[in-house]
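Okay, handing you the structure first.
The values are calculated or read from the model by the stated rules, or taken from the named source; none is laboratory data. Here the structure is a predicted model, which means the values were calculated and not measured. As a convention, Cβ positions derive from the backbone with ideal geometry for all residues, glycine included, and neighbour counts pool all protein chains shown. Quick note on the areas: whole protein, heavy atoms, side chains included, nothing else; ligands and nucleic acids left out. Shrake-Rupley method; radii C 1.70, N 1.55, O 1.52, S 1.80 Å.
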Amino acid sequence: MTLLADVERAVRAAAPHALVDTLRTALTDAYGAASVRLHLADYGLTVLRPVDTVTHPGEALSLHNSPEGRAFGSQEPREHQVRHGDAVDHHLPVTVRGERLGILTVRLPGDRSTPAAVADLTQVAELLGHEMLVAERDTDLYQRVRRASRLTLAAEMQWDLLPARACTAREYAIGAQLEPAYAIHGDNFDWAADADELTLAVTNGMGEGIHASLLTNLAVNALRNARRAGIALADQAALADQALYEQHRGAAYVSTLLLRFELATGRVEAVDAGSPQLWRRRGKTVERVALDPQLPLGMFEESDYTAQTFQVLPGDRLIFVSDGVYAAVSPQGEAFGDRALARAIGSTSLLPAAMVPRAMLGELAAYRDAESTDDALVLCLDWFGRADEPVA
């Protein structure tokens with residue numbers, strides 16, 4: 001325990017840009033590590049990119065065809081015997097509350113690769129994730145590493161607006177992804193939870209580029225401001241609507257799907273103010289959840305919004321998609337539409353929530369067989385509920 005405590009103290013005291021260097025020194029001293037490497041997943045969730053401020057950065061690794069990628073996918077520590085000698089590489093997921101950041105690889109001598117050491121290193125990887133998120137307030141290092149190519153300014157603004165790409169709690173698990181990751185315009189998602197409820201918003205600002213990004217930024221921050229004031233869901237939509245109309249006078253608007261989940265009961269309030277769609281997989285049945293359509297935010301002055309309710313049950317999977325998904329067309333001009341979307345939801349049923357959006361967007365890319373000119377957003381929410389929650 002003393003060795004682990006020494007490592008934790010060293011990492012917590014490290015300069016924001018020097019977490020990996022400090023960890024490398026600490027693990028070498030405490031556990032005899034021969035090497036320590038950190039790889040982070042890129043924005044598009046396609047590769048793992050190296051973080052290395054000591055030597056020249058190495059090659060990016062596949063998320064699918066590498067030991068590190070397999071550990072990232074399974075979210076379980078994996079061992080890989082070094083070809084020459086008795087050393088063992090330990091690939092450890094760096095994950096914070098369900099947000100999959102990357103993989104920490106620690107090479108230990110064979111005689112030091114004990115279950116106790118692996119348990120310690122697993123805790124170290126979790127600590128590193130938390131410290132890295134804090135460090136990002138003061139350094140751009142980790143965000144630079146995540147870029148397989150340059151982000152557009154609009155994409156930069158959108159990614160900075162997001163809460164995370166995944167989140168897990170006792171009652172639910174969330175995963176979300178935006179595409180094209182490096183040139184996103186107006187699609188966005190947001191969530192916040194406390195002891196009693198989860199509020200979730202999926203937004204789609206009209207237009208392209210900076211215009212769409214600025215519009216979505218205003219909408220998301222207006223919704224956050226209203227949410228943090230503790231007001232009702234319909235009133236949150238109304239206040240955001242007013243903020244957008246005052247700025248653009250109806251010339252620009254934002255489509256929004258806004259939901260509030262009661263964690264104890266699974267009761268959901270919803271305001272459907274635009275184009276994002278909600279789908280549900282319950283058992284083997286996949287269907288769209290029909291909600292009463294209302295005006296997009298900012299289209300008219302002082303629009304009234306009404307929340308409707310429905311129930312989620314333990315085992316339900318909810319899928320939120322933007323129009324860039326369901327309205328995408330194949331080279332033959334056929335829309336992705338309801339049937340293809342239902343098939344994609346069914347084919348990803350065995351994946352955890354964090355992996356579903358990337359897989360569905362992969363199926364979408366294969367369907368359209370071309371670079372899309374529109375944003376595409378997929379958000380997956382698995383509902384676990386609580387033990388005392390009613391079931392069907």
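Calculate the spin-label point distance for residue 248 paired with residue 235, positioning each point 7 Å from the Cα along the beta-carbon direction, and give it in nanometres.
2.6
Taking N as the number of residues in segment 93-242, what is its alpha-carbon radius of gyration divided by 2.2 N^0.38 Å? Don't skip to the end; give the middle numbers.
Values: Rg = 18.8 Å, N = 150, 2.2 N^0.38 = 14.8 Å.
Compared with the compact-globule rule of thumb, segment 93-242 sits at 1.27.
Within the accessible area of segment 1-138, what % is carbon and sulfur when the probe is 1.4 Å and the other protein chains stay in place? It would help to have the intermediate numbers written out before the result.
Working: 3370 of 6570 Å².
With neighbouring chains kept in place, the figure for segment 1-138 is 51 percent.
Would you please state the base-10 log of I(q)/I(0) at q = 0.15, 0.17 1/Å for segment 1-89, with intensities from the Debye formula using one equal scatterer on every alpha carbon?
Calculated log10 I(q)/I(0) at the listed q: -0.70, -0.89.
Where in segment 305-323 does the amide nitrogen come within less than 20 Å of the point 7 Å from the Cα of residue 287, taken along Cα to Cβ?
What the label zone holds, given the 20 Å backbone N cut-off, is 308-321.
Order the following by accessible area, largest value first: 149, 35. Probe radius 1.4 Å; ligands, DNA and RNA are ignored.
Numbers: 149 60, 35 30 Å².
Output order, biggest surface exposure first: 149, 35.
With everything on Cα atoms, drop me the angle between helix 115-135 and the longest principal axis of the chain, reported from 0 to 90° to the nearest 10.
It works out to around 50 degrees.
Could you check the spin-label model distance between residue 327 and residue 308? Points 7 Å from the Cα along Cα→Cβ, value in nm.
So the label points at residue 327 and residue 308 sit 2.1 nm apart.
Please tell me the relative contact order of segment 207-287 in percent, rounded to the nearest whole number, where contacts are Cα pairs under 8 Å and at least six residues apart. Spell out each step's value before the answer.
Values: 76 pairs, mean separation 17.8, N = 81.
Value for segment 207-287: 22 percent.
What are the principal axis extents of the Cα atoms in segment 63-158, in Å, biggest first?
So the extents along the principal axes, rounded to whole Å, are 50, 26, 21.
Using the heavy atoms of the protein chains alone and a 1.4 angstrom probe, what is the accessible area of the chain per residue in square angstrom? Numbers along the way, then the final one.
Numbers: 17390 Å² over 392 residues.
I get 44 Å² per residue for this part.
While we're on this one: What's the extension gain from residue 264 to residue 169 if we count 0.36 nm per residue and subtract their Cα-Cα distance?
Working: separation 95, 0.36 × 95 = 34.20 nm, distance 1.27 nm.
Full-extension gain reported as 32.9 nm.
Where does the Debye-calculated log10 I(q)/I(0) of segment 139-220 sit at q = 0.12, 0.14, 0.17 Å⁻¹, using only Cα point scatterers of equal weight, no solvent?
Reported log10 I(q)/I(0), two decimals: -0.39, -0.52, -0.73.
Taking amide H positions as placed 1.01 Å from N in the peptide plane, with prolines and chain starts having none, which residues 5 or more places from residue 34, or on another chain, fall under 5 Å of its amide H?
So residue 34 has HN proximity to 107, 108.
While we're on this one: Whenever you get a sec, compute what percent of the accessible area on segment 223-334 sits on carbon and sulfur atoms (1.4 Å probe).
Working: 2250 of 4990 Å².
The computed percentage sits at 45.
Could you sort the peptides 375-381, 291-297 by per-residue average Cβ neighbour count (10 Å cutoff), highest mean leading? If you can, show how the numbers build up before the last one.
Details: 375-381: 26.6, 291-297: 18.0.
Those peptides, ordered most packed to least, come out 375-381, 291-297.
Measure nothing but the geometry: give the 0 to 90° angle between the long axis through the Cα atoms of 337-347 and the longest principal axis through the Cα atoms of the chain, rounded to 10°.
Once rounded, one gets 30 degrees.
Full-extension gain between residue 25 and residue 130, please, as 0.36 nm times their residue separation minus the C-alpha to C-alpha distance.
Working: separation 105, 0.36 × 105 = 37.80 nm, distance 1.90 nm.
Stretched out fully, the residue 25 to residue 130 stretch lengthens by 35.9 nm.
Also, I was wondering about something else. For the chain, what log10 I(q)/I(0) values come out of the Debye formula at q = 0.06, 0.11, 0.14 1/Å, with one point per alpha carbon and no solvent?
Listed by q, the Debye log ratios stand at -0.26, -0.84, -1.23.
Would you mind checking the tilt of helix 233-248 against the longest principal axis of the Cα atoms of the chain, expressed as 0 to 90 degrees and rounded to 10?
The angle comes out near 80 degrees.
Is segment 220-374 rounded, prolate or oblate when judged by the Cα gyration tensor, a ≥ b ≥ c being the square roots of its eigenvalues, rounded requiring a/c under 1.5 and prolate requiring a/b larger than b/c? Before the final figure, lay out each step's value.
Working: a/c = 2.37, a/b = 1.34, b/c = 1.77.
Because a/c hits 1.5 or more and a/b fails to exceed b/c, segment 220-374 counts as oblate.
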